[in-house]
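Worksheet for the structure shown next.
The values are calculated or read from the model by the stated rules, or taken from the named source; none is laboratory data. Being a predicted model, the structure only gives us computed values, none of them experimental. As a convention, Cβ positions derive from the backbone with ideal geometry for all residues, glycine included, and neighbour counts pool all protein chains shown. Side chains are part of the model used for accessible areas, which takes the heavy atoms of the whole protein and leaves out ligands, DNA and RNA. Shrake-Rupley method; radii C 1.70, N 1.55, O 1.52, S 1.80 Å.
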Amino acid sequence: MRYTQFTNPQVQQMLDVIGVDSIDDLFSTIPPALRFTKPLDIPEGISELELLRDVGSLAEKNTSCDKLTCFLGAGAYDHFIPTVVDGLASQTEFLTAYTPYQAEASQGILQLFFEFQSMVCLLTGMEAANASLYEGASAAAEAMYMAAGITRRNRIVIAESAHPDIRQVIQTYARERGVEIATVPAPNGTVDETALAKVIDKQTAAVLIQSPNLYGCLERLDRIIPVIHEAGALAIVSTDPLAAGILKPVGNFGADIVVGEGQALGIPMQYGGPYLGLLAGRKKYLRKMPGRVVGMTKDADGRRGFCLSLQTREQHIKRERATSNVCTNQGLLAIRASIYMASMGRNGIQQVAGQCFDKAHYAAQQITQLKNYELRFDAPFFKEFTVRTTHNVQDVIQSCRDNDILAGVPLARLDERFTDSILIAVTEKRTREEIDQLVAALGAV
Amino acid sequence: MPNTPKLQQQDFPILFELGSPGLCAVSLPKSDVPQTNLSDSVPGDLIAAEPPSLPEIGELDVVRHYKKLSRRCFSVDGNFYPLGSCTMKYNPRINERVAAMPALANLHPYQDERDVQGLLEMMHRLKQYLAQIAGLADVSLQPAAGAHGEMTGLMMINAYHRSNGEERKIVLTPDSAHGTNPASCTICGREAASVRSKADGRVDLDDLRSKVDDNTAALMITNPNTVGVFDEQIAEIADILHARGAQLYLDGANMNAILGKTRPGDFGVDVMHYNTHKTFSTPHGGGGPGAGPVAVAKHLTPFLPIPRVILKDDGTFGWESNEPQSIGKIRSFFGQTGVLVRAYAYIRALGHDGLRDVAECAVLSANYLAARLKELYDLPFPSPYAHEFILVPRAANHGATELDIAKRLIDHEIHPPTMSWPVAHCLMIEPTETESLDTLDHFVAAMTEIADELENDPDVVRSAPHTMPVRRLDEVEASRKPIVRWPAD
Ligand SMILES: Cc1ncc(COP(=O)(O)O)c(C=O)c1O
């Protein structure tokens, strides 16, 4: 393929205007010793049809969730994506635009991000949200830096019940800045509330809690956050925005910073990315926030308009003193999530969350009636729960896979303490029949 | 709604001003399982009294809203977009089709490796292509964007120095470096220090020599650099650093200019990132998603982030995370897979011959525009240019600035070039390789007309744009009293 469009006579015409003899003359600043004169060791170009065949033959080696019934979760979920989301987000005016630095020529995308921020505030219960970060785990790491910046302290406490990706990514980021990390234990599926106060010290900037957590359990944010504040630290909560369809937004419990993975809001699973990092906070922390923020303003004629706001926090102005190094974020995913939230609306989001809840509880109830299965934890859950089995976990997973069912994530993959458990997610997309098939397959192991 | 600024007649409606209570654009199947009473299973304090007050709008009006918003944006598909440093080239349609194939898009990240062999094979091939283009030993596909790649690369450099028992604190960046470079230094606990550039845009080697010492972790350089010239001293720069044990980091934002013509690994680079959303045409999406794969020389491979895609002894592909010297995980799951699929498709379709053609046409286009515009505007740096060049309005331009020229270009349906960076008062123009000669000539005509207006009617330039739904916006007030959500508080 070639996506260039100069004819040979045009090339000659352009070289004449420039006043050189050949294209190679334009590369004269590369010293001869450094020029690469062989062909790169990459296959020769192919046509569009051949590309479709090439990618098609690779794709054929995959078995996707189109052919399997998916009960996998742990941060990525098989939710239904309304057709309008794909149709509208793929408009190439959105797809092929850059970051909206030129406000007059980018009002559409700027307004869209403003609306996105507004809806994220509704689902998180916060006063200000940014226009996205890379994904959930690095958003948590950015929140850690933000909290360290606000409090001028350098110690972070992370709940043991948070997803290991969050914990590991924070660890990677923290090492370089000399931020110390401590853990608050979660021996029974949720944070040990009595241990919490003891791990927070005068140097602790923040405590990060995930709810619903790795095991699917809801943390008692109503009790935990006051303890964190009492001890003088900020509360960072990582959450599933969809849960706000039926549960109180986590900001209502006094969280200072809310982060999350926005994949559930109309984003395809796509093997783990690109996803959508959410970050929202109290308005008083707006100037400490990482990433882009769109603001509403007026034009020279007093008309309502939108522009990137508070750019003096950002790398292109503040350089080494910026709140974050993030530049390109996840614009198109924020666009998808916006269209999803707008399409679902108040009632749709309640229905989706409600059906996730009902179906997960139906599945849990059916599974625990089987002889060799029980709920691993007592805590309440939303759309995902942990089951303990007396069978070998790998046998269970394989046996269900033989029936075209992805039964769940072996929990030991994410938390090695739980070798006897499976994490099962049930979205609104699963039917009673599919759930019953899962139950039958589990029973037949 | 309290304190909401009054809706003016001409104001374009915002989502929250549309719809009516009870409307919804989506219909879901009725639930086919028994309802579980929420308050039986969840403590009352955690339950919402009512659902969040998202807008309530019917399907057609949702569609119209986003359709109208899409008409209020410039894009590569609609406009010439010579935004310097951002490589706004054509994003091939086929790559969207490929990435949306259900057997690639509908994969869960925790599916067993046996279910995703085709995808892993593709990622493994992509990794090899990127190593080959860089002339370096290995590649991580994990970083989410260029800045994330910078952070990853610097962390690896830190880990490398640490493995030698050193904690080197200073990272040098040329004064023309992109803002993410020094910002990434801070994220990685390093101190950014600036190296002077000479009048011709190249690194001042004397200044560099005086600043490199045993506390220097690395130099982060962009080459071709941000003023659009290839710094031919690059091998010498590498030698100066390596002699003191420091590393050379390449910001690969400008790789479009050298694809297949020269390789970073061959000019002394130890670690670099790509921006797939620039060089390999994955769409910018209004500011992402991108991907920032990082390529490294042999001595840095132990420090690559996890997980790493590998070809196993049994001939299958998989992820390896058991790497004791790795810097660790830098994001969740396995990278921006959907973006990487597009990058694979692009490289595979172009091949070694097509990639070289990209660089040649990109450089030809930039030099052509520069040659056509040099009589009307100042070009402070010497040609030949790489894939972009810097242009400065003449002092005699009656007080009109680069901003005014940029805004006036909008009236010609051309997206403004990058402004005021890396030198004051400049426009940075990157036409890319995919534009036709007709489009380039249209740009020249527009710039010629603007130069003429600057002589004869500067006010029309100073008050531009005149054709957009809004005029210039009050960005100062937007930052002084930020309103960042609806309803305004
Ligand atoms: C020279 C240069 N370096 C780094 C970056 C940052 O890359 P990203 O936006 O992908 O994080 C950019 C992006 O605009 C750039 O132009």
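The single condition from (1) part of a loop (DSSP other than H, G, I, E, B); (2) open to solvent by 20 Å² or more (accessible area, probe 1.4 Å) that B:SER479 fails is (1). Here A:VAL207, A:VAL191, A:VAL179, A:VAL169 are screened, and the one residue that is under 23 Å from B:PHE334 (Cβ atoms), in the same structural domain as A:ASN329 (by TED's automatic domain parsing), of a type outside the set (Phe, Trp, Tyr) and open to solvent by less than 50 Å² (accessible area, probe 1.4 Å) is A:VAL169. The number of residues in the range B:185-222 that are more than 10 Å from every other protein chain (Cβ to nearest Cβ) and either within 16 Å of the ligand (Cβ to nearest atom) or not in a strand (DSSP E or B) (or both) comes to 25.
So how many residues does the range B:308-323 have that are of a type outside the set (Val, Ile, Thr) and either within 21 Å of B:ASP270 (Cα to Cα) or in contact (Cβ under 8 Å) with a residue 40 or more places away in the chain (or both)? Break it down stepwise before answering.
Applying the first criterion (of a type outside the set (Val, Ile, Thr)) to the range B:308-323 yields B:308, B:311-315, B:317-323.
Checking which are either within 21 Å of B:ASP270 (Cα to Cα) or in contact (Cβ under 8 Å) with a residue 40 or more places away in the chain (or both) leaves us with B:308, B:311, B:317-319, B:323.
Within the range B:308-323, residues that are of a type outside the set (Val, Ile, Thr) and either within 21 Å of B:ASP270 (Cα to Cα) or in contact (Cβ under 8 Å) with a residue 40 or more places away in the chain (or both) number 6.
Looking for something within 10 Å of the chain's Cα centre (by Cα) and either within 11 Å of the ligand (Cβ to nearest atom) or within 14 Å of chain A (Cβ to nearest Cβ) (or both) - is there at least one such residue anywhere in the range B:293-314? No, the range B:293-314 contains no residue that is within 10 Å of the chain's Cα centre (by Cα) and either within 11 Å of the ligand (Cβ to nearest atom) or within 14 Å of chain A (Cβ to nearest Cβ) (or both). Checked against the criterion of being of a type in the set (Lys, Arg) and touching a Phe, Trp or Tyr at 6+ places or on another chain (Cβ under 9 Å), the range A:269-286 contains not a single residue that satisfies it. Residues in the range A:149-165 that are surrounded by fewer than 24 Cβ atoms within 10 Å (Cβ to Cβ), over 16 Å from A:VAL409 (Cα atoms) and not β-branched (Val, Ile, Thr): A:GLY149, A:ARG152, A:ARG153, A:ASN154, A:ARG155, A:GLU160.
Scoring A:HIS79 on the criteria (1) assigned to a loop (DSSP other than H, G, I, E, B); (2) facing another protein chain (nearest Cβ under 8 Å); (3) open to solvent by less than 80 Å² (accessible area, probe 1.4 Å) leaves a single failure, condition (2).
Tallying residues that are touching a residue at least 24 places away in the same chain (Cβ under 8 Å) and within 7 Å of chain A (Cβ to nearest Cβ) within the range B:326-344 yields 11.
So which of B:LEU18, B:LEU46, B:LEU28, B:LEU60 ends up being surrounded by 20 or more Cβ atoms within 10 Å (Cβ to Cβ) and not basic (Lys, Arg)?
Details: B:LEU18 fails: surrounded by 20 or more Cβ atoms within 10 Å (Cβ to Cβ); B:LEU28 fails: surrounded by 20 or more Cβ atoms within 10 Å (Cβ to Cβ); B:LEU60 fails: surrounded by 20 or more Cβ atoms within 10 Å (Cβ to Cβ).
Exactly one residue qualifies, and that residue is B:LEU46.
Answer with yes or no whether B:PRO182 is within 16 Å of the ligand (Cβ to nearest atom) and within 7 Å of chain A (Cβ to nearest Cβ). Taking the combined requirement at face value, the residue satisfies it. Among residues of the range B:188-217 that are surrounded by 15 or more Cβ atoms within 10 Å (Cβ to Cβ), those with a beta-carbon under 8 Å from a residue that is among the aromatic types (Phe, Trp, Tyr) at least six positions away or on a different chain give the pairs B:GLY201/B:PHE381.
Do any helices (runs of 4 or more DSSP H) lying entirely in the range A:311-430 carry at least 2 residues that are buried (at least 24 other Cβ atoms within 10 Å of the Cβ) and either within 16 Å of the ligand (Cβ to nearest atom) or under 20 Å from the mean Cα position of the chain (by Cα) (or both), and which ones are they?
Numbers: elements: A:315-318, A:331-367, A:393-401.
Correct list: A:331-367.
Conditions tested, residue by residue: (1) within 7 Å of another protein chain (Cβ to nearest Cβ); (2) free of Cβ contacts under 8 Å to residues at least 40 places away in the same chain; (3) on the phi < 0 side of the Ramachandran plot.
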{"residue": "A:LEU15", "(1), (2), (3)": "no, yes, yes"}
{"residue": "A:SER22", "(1), (2), (3)": "no, yes, yes"}
{"residue": "A:PRO32", "(1), (2), (3)": "no, yes, yes"}
{"residue": "A:ARG35", "(1), (2), (3)": "yes, yes, yes"}
{"residue": "A:ASN62", "(1), (2), (3)": "yes, yes, yes"}
{"residue": "A:PHE71", "(1), (2), (3)": "no, no, yes"}
{"residue": "A:LEU88", "(1), (2), (3)": "yes, no, yes"}
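The number of residues in the range B:249-269 being open to solvent by less than 10 Å² (accessible area, probe 1.4 Å), more than 10 Å from the ligand (Cβ to nearest atom) and outside any strand (DSSP E or B) comes to 9.
The single condition among (1) in a loop (DSSP other than H, G, I, E, B); (2) more than 10 Å from chain A (Cβ to nearest Cβ); (3) over 23 Å from A:VAL169 (Cα atoms); (4) more than 16 Å from the ligand (Cβ to nearest atom) that B:ALA238 does not satisfy is (1). The set of residues in the range B:316-331 being assigned to a loop (DSSP other than H, G, I, E, B) and either of a type outside the set (Asp, Glu) or not assigned by TED's automatic domain parsing to the domain that holds B:VAL139 (or both) consists of B:THR316, B:SER321, B:ASN322, B:PRO324, B:GLN325, B:SER326, B:ILE327, B:GLY328, B:LYS329, B:ILE330, B:ARG331. Counting only residues that are more than 7 Å from chain B (Cβ to nearest Cβ) and within 30 Å of B:GLY135 (Cβ to Cβ), which one in the range A:39-52 is most open to solvent (accessible area, probe 1.4 Å)? It comes out as A:GLU50.
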